[in-house]
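Undergrad: My questions all concern the structure below.
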Amino acid sequence: MTDGSHATDGQPRCRINDSDVALEADEPLLFTLRNRLGLTAVRFGCGLEQCGACMVLIDGEARHSCALPASALDGRTVVTPEAIAGDPIGAALLSAFELEQAGQCGYCLAGIMMSAFALLTREINPSRARIIEVLDGHLCRCGAHIPILRAVERAAGMLGKPGA
Amino acid sequence: MSGPSLPRSLQDTPQLGRWISFAAPGKVQVRTGKVELGQGILVALAQIVAEELEVALERVEVLPADTLLSPNEGFTAGSQSIEVSGAALRLVAAQSRRALLRVAATRSGHRPEEISCHDGLLRVDGTDIGLDFWTLAPEVDWTETIDIRTTVRPSRDYRIAGTSARRGDVLQRLTAGGFIHDMAFDGMRHARIVRQPFRLARLASIDRERFARRHPKVAILQKVDFLAFVGADEYCVHAAHDEAEAFVEWTPDPGRKSAANAPAAVRTEVRKVQTGHPATNSAIRARYSRGYIAHGSIGPSCALAHFVDDRLTVWSHSQGVFALRDQIAACLGLHPSNVRVIHVPGAGCYGHNGADDAALDAAIVACELKGTPVRVQWSRVDELSRGPLGAAMATEIEAALGSDGSVSAWKLSVVSAPQAQRPGTGGYANLSSAEALDPATAPRQVEDLPELAGGGASRNATALYDFPDHEVSVSLDTRSPIRTSSLRSLGAHLNVFAIECAMDELAVIAGLDPIAFRLRHLKDNRCRAVLNEVAAMSGWRPGDAGGEGHGRGVGVARYKNKGAWLAAVAEVTVDEAVRIERLWLCVDAGRLINPQGARAQIEGGALQSASWTLLESVPVAEGRVLPLNWSNYPILRFSDVPEIETRFIIDENEAPLGAGEAAQGPVSAAIGNAVSHALGMRVRDLPLTRERLTQLLLSDQA
Ligand code: FES
Ligand code: FES
């Protein structure tokens, strides 16, 4: 818990979307990303690691950023939704999400995309069951689940094609 | 002279130029009072405008609702947006086109009929005449009044409306901000409100000294029972709010409750739909119920406010910026003309959630910190437990069968908590912090939403079936201290659930297949069509025995008895918990403006309804809502999602009907009937959780 004052000595550092960043020691990563770095595609949904809206990649793995203390990130690499378009997997996901018009309000989507990104980095052609397993920690209140699943499958298909 | 009347929106704002502008080169800017709630309404409205003007969809920009600039179109609710706003904008665009062509004719010496429009460029006999909408616009008299007799393009010529135009807004926000949560101003202060833990709670004490030691960067702002933590650093404020309980004490104030809520009452209205011979011997008398349901937005309610030079500006994801403006002004003693509310998209809200409450929260703090922009965001717990909830309700049905096995008499009685308490409804603020500032503002007398607005508790209480004796009684129970308001489909959810379950119960007694039994009582052809079609889609086998944990069920309704028709078949397996395997939906929503958007709304609504039906009920103890988060208020997950097949019955000649709420009742009923089919016993109380089913099975054996 915080004592309300943020320590500034012995600051942990990490890489966020290819920049070196010094972190406020006792603040969850989400607040640093949104408020200090302006990376607002990372969304606050619950702050309790229950909904997945705040998902980012840490050393390539999908992790909640809402309760993760910045002090745990020293020397790690963080990727947020802002930085995925340049990667072929990210580009495929974005275009698949658009083609499937996946999402209603879209609040849950950026987090979901990060989990899908981590999955597609490791597995070339995941089954629907596997995608469901990976996305099961994400909540979507609009009921956009089916187009979202289709979008992830479509992205996988695009990546599987030669020349993609 | 009488004739068709102008859409309501246009009667209120009849001036053409208030709705549309060609001032930005190459752009058509449209003002609407409707707001984007994640339902894709703005793209559908843009499609309608693009169609009438024959311009590319990309040129049409629908500007955010803003009390200073937009026409007042009331709330964005009740699936009215396409029907009402769509019709209004269609006229607006058609009349603009006519006015522009008139100017073009004068300028070019051609007759208006000779001139055709091509993405804003004007041509005669296929040749450009060197004129376009934007050069002509300054010569049009935009003060002209909108005329109902303006000819609109026949829908058979449509090229844009009726296609699945894509929504750019959602995609953009995948990799960037764009929600209200993402707005920030220089020098902004973050605020978190410590909400009253129960209705009309009195702030008993705050341990300010200990708080100041533990949270030195956070200030306390108190006005009567309104309590906010404020600071420049969001996380400091957030963390302080997380532990508010350690510093703040609340007490009940019984005096307040009786003063504010008197006279607490149940008011009943009885309506005879059809008079025949009332039942002497009922075949069934059954009571169906649901508890309170949380709106459960994935993004918590949020608002910003800034008070400068006697003027207050509020940014909100409210469904009704004008009503909100008026109530904020009243609460803060400001003149409405000094308050401006601007809509910014939030996460999906599914009705009246905490959005408006948050806006007043921010406004109160901004008025205390004059000159400083303020941002308020709710916690997850507050979002689930302290905003207005969907009303708990119970619907009882008593029905008799005649000698021919058809229903001879039917009586439905619904008792519900208030279904609609939006800002300004009944003359009350209906804002959480208004009550914190002054307990006397709590509503005393609450009415149901009028029939004209589709009813609240009474929504879909009248079955679509033809019964020789048909009575409906609607009671509004205002005794509960729980704050309730509109949740997607309002009373239609449980009323349709009850009607459709009762029809199944009666079919069993009559020894008939549930679909055949319904068709016997149905004259409405479009309703018969969706029902027959869903039977064909699902391969419905009359007389399917079910049981052994496997079942199928059907549900059908016409939303509000005047909107879209929807029939659903659900297939479930029950093994401790219910699993929905498949859903078939057949919908008649008239002509579709955006088919993919309509499908998304229908299927999204179906899944949300499945979530309510299987999982959701807000725990309430002694009139208090327990603090909730996603672990003690679970909702449907990816692994719970069934396969869905949806088909639309489309007649291009039929007017478009809103689709967003049509699935709620029928899907819930189909699931309920399928579970009953699978268990061989009736389930009548929602949600159909594992615990509820176990209890039911045990009591059946006892
Ligand atoms: S905001 Fe992190 S999981 Fe919900
Ligand atoms: S699209 Fe709205 S929460 Fe998923």
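Undergrad: Mind checking whether some residue in the range A:83-91 is out of contact with any Phe, Trp or Tyr (no Cβ under 7 Å at 6 or more places or on another chain), open to solvent by 10 Å² or more (accessible area, probe 1.4 Å) and within 14 Å of ligand 1 (Cβ to nearest atom)? Show your work before the answer.
TA: From the range A:83-91, those out of contact with any Phe, Trp or Tyr (no Cβ under 7 Å at 6 or more places or on another chain) are A:83, A:85-88, A:91; that's our starting set.
Narrowing the set further to residues that are open to solvent by 10 Å² or more (accessible area, probe 1.4 Å) leaves A:83, A:85-88, A:91.
Still in the list and also within 14 Å of ligand 1 (Cβ to nearest atom): none.
No: the range A:83-91 contains no residue that is out of contact with any Phe, Trp or Tyr (no Cβ under 7 Å at 6 or more places or on another chain), open to solvent by 10 Å² or more (accessible area, probe 1.4 Å) and within 14 Å of ligand 1 (Cβ to nearest atom).
Undergrad: Next question. Could you tell me which of the residues A:SER71, A:SER127 is of a type in the set (S, T, N, Q), more than 16 Å from ligand 2 (Cβ to nearest atom) and free of Cβ contacts under 8 Å to residues at least 40 places away in the same chain?
TA: Among A:SER71, A:SER127, only A:SER127 is of a type in the set (S, T, N, Q), more than 16 Å from ligand 2 (Cβ to nearest atom) and free of Cβ contacts under 8 Å to residues at least 40 places away in the same chain.
Undergrad: Same structure, new question: Could you list, in sequence order, all residues of the range A:22-54 that are within 16 Å of ligand 2 (Cβ to nearest atom) and open to solvent by 20 Å² or more (accessible area, probe 1.4 Å)?
TA: A:GLN50
Undergrad: Does A:PRO81 satisfy the criteria of being within 16 Å of ligand 2 (Cβ to nearest atom) and out of contact with any Cys (no Cβ under 8 Å at 6 or more places or on another chain)?
TA: Values: within 16 Å of ligand 2 (Cβ to nearest atom): yes; out of contact with any Cys (no Cβ under 8 Å at 6 or more places or on another chain): yes.
So A:PRO81 passes the test.
Undergrad: Check off (1) touching a residue at least 40 places away in the same chain (Cβ under 8 Å); (2) within 16 Å of ligand 1 (Cβ to nearest atom); (3) surrounded by fewer than 19 Cβ atoms within 10 Å (Cβ to Cβ) for A:ASP136 and give me the number that stays unchecked.
TA: Here A:ASP136 meets the rest and fails (1).
Undergrad: Ok, one more. Within the range A:139-163, take every residue that is of a type in the set (D, E, K, R) and not in a helix (DSSP H, G or I) and give me the one that is most open to solvent (accessible area, probe 1.4 Å).
TA: A:LYS161
Undergrad: Go through A:ARG43, A:ARG36 for me and flag whichever is away from ligand 1 (no atom under 13 Å from the Cβ), in contact (Cβ under 8 Å) with a residue 12 or more places away in the chain and at negative phi.
TA: Selected residue: A:ARG36, the only one of A:ARG43, A:ARG36 that is away from ligand 1 (no atom under 13 Å from the Cβ), in contact (Cβ under 8 Å) with a residue 12 or more places away in the chain and at negative phi.
Undergrad: Name the single residue that is farthest from the other protein chains (Cβ to nearest Cβ) among those in the range B:630-640 being within 22 Å of the chain's Cα centre (by Cα) and open to solvent by less than 30 Å² (accessible area, probe 1.4 Å).
TA: Going through the qualifying residues, I end up with B:TYR633.
Undergrad: Say whether the condition of being more than 14 Å from chain A (Cβ to nearest Cβ), under 20 Å from B:GLN421 (Cα atoms), in a strand (DSSP E or B) and open to solvent by less than 30 Å² (accessible area, probe 1.4 Å) is met by at least one residue in the range B:319-327.
TA: No - not one qualifying residue is present in the range B:319-327.
Undergrad: Sticking with this one: Considering each of B:SER301, B:SER316 in turn, give the residue that is at pLDDT 95 or above and within 16 Å of ligand 1 (Cβ to nearest atom).
TA: On the way: B:SER316 fails: within 16 Å of ligand 1 (Cβ to nearest atom).
Just a single option satisfies the conditions, and that option is B:SER301.
Undergrad: Considering only residues that are more than 8 Å from chain B (Cβ to nearest Cβ) and among the polar types (S, T, N, Q), look in the range A:17-67 and name the one that is nearest to the chain's Cα centre (by Cα).
TA: A:SER65
Undergrad: Say whether the condition of being facing chain B (nearest Cβ under 7 Å), closer than 30 Å to B:GLY605 by Cβ and more than 14 Å from the chain's Cα centre (by Cα) is met by at least one residue in the range A:75-98.
TA: Within the range A:75-98 (the criterion being facing chain B (nearest Cβ under 7 Å), closer than 30 Å to B:GLY605 by Cβ and more than 14 Å from the chain's Cα centre (by Cα)), the answer is yes, since at least one residue qualifies.
Undergrad: Next question. Out of all the residues in the range B:588-629, which are closer than 21 Å to B:ALA392 by Cβ, within 14 Å of chain A (Cβ to nearest Cβ) and either without any contact (Cβ under 8 Å) to a residue 24 or more places away in the chain or not polar (S, T, N, Q) (or both)?
TA: Of the range B:588-629, the ones closer than 21 Å to B:ALA392 by Cβ are B:605, B:608-629.
Checking the rest, the ones that are also within 14 Å of chain A (Cβ to nearest Cβ) come to B:605, B:608-616, B:627-629.
Of everything in the range B:588-629, those that are closer than 21 Å to B:ALA392 by Cβ, within 14 Å of chain A (Cβ to nearest Cβ) and either without any contact (Cβ under 8 Å) to a residue 24 or more places away in the chain or not polar (S, T, N, Q) (or both) turn out to be B:GLY605, B:ALA610, B:TRP612, B:LEU614, B:LEU615, B:GLU616, B:PRO627, B:LEU628.
Undergrad: Residues in the range A:127-138 that are assigned to a helix (DSSP H, G or I) and away from every other protein chain (no Cβ under 11 Å): how many?
TA: 1
Per-residue answers, yes or no, for (1) modelled with pLDDT under 90; (2) not in a helix (DSSP H, G or I):
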site	(1), (2)
B:MET1	yes, yes
B:ALA23	no, yes
B:GLY38	yes, yes
B:VAL49	no, no
B:GLY78	yes, yes
B:VAL84	yes, no
B:GLN95	no, no
B:ARG107	no, no
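Undergrad: A follow-up question, please. In this structure, is A:ILE124 more than 13 Å from every other protein chain (Cβ to nearest Cβ) and not in a helix (DSSP H, G or I)?
TA: Yes: the conditions hold for A:ILE124.
Undergrad: For residues that are within 26 Å of the chain's Cα centre (by Cα) and hydroxyl-bearing (Ser, Thr, Tyr), scanning just the range B:337-382, find the one that is nearest to ligand 2 (Cβ to nearest atom).
TA: B:TYR350
Undergrad: Okay, moving on. Just checking, which of B:GLU234, B:GLU245 is within 30 Å of B:GLU616 (Cα to Cα) and not aliphatic (A, V, I, L, M)? Talk me through it step by step, then tell me what you get.
TA: Numbers: B:GLU234 fails: within 30 Å of B:GLU616 (Cα to Cα).
None of the others qualify; the one that does is B:GLU245.
Undergrad: Here is a follow-up. Scan the range A:51-81 for residues that are away from ligand 1 (no atom under 14 Å from the Cβ) and within 18 Å of B:TYR235 (Cα to Cα) and jot them down.
TA: A:ALA70, A:SER71, A:ALA72, A:LEU73
The values are calculated or read from the model by the stated rules, or taken from the named source; none is laboratory data. Just so you know, these numbers come straight off a predicted model, no measurement behind them. All Cβ positions, glycine included, derive from the backbone under ideal geometry; neighbour counts span all protein chains shown. Protein only, heavy atoms only, side chains kept; ligands, DNA and RNA dropped before computing areas. Shrake-Rupley method; radii C 1.70, N 1.55, O 1.52, S 1.80 Å.
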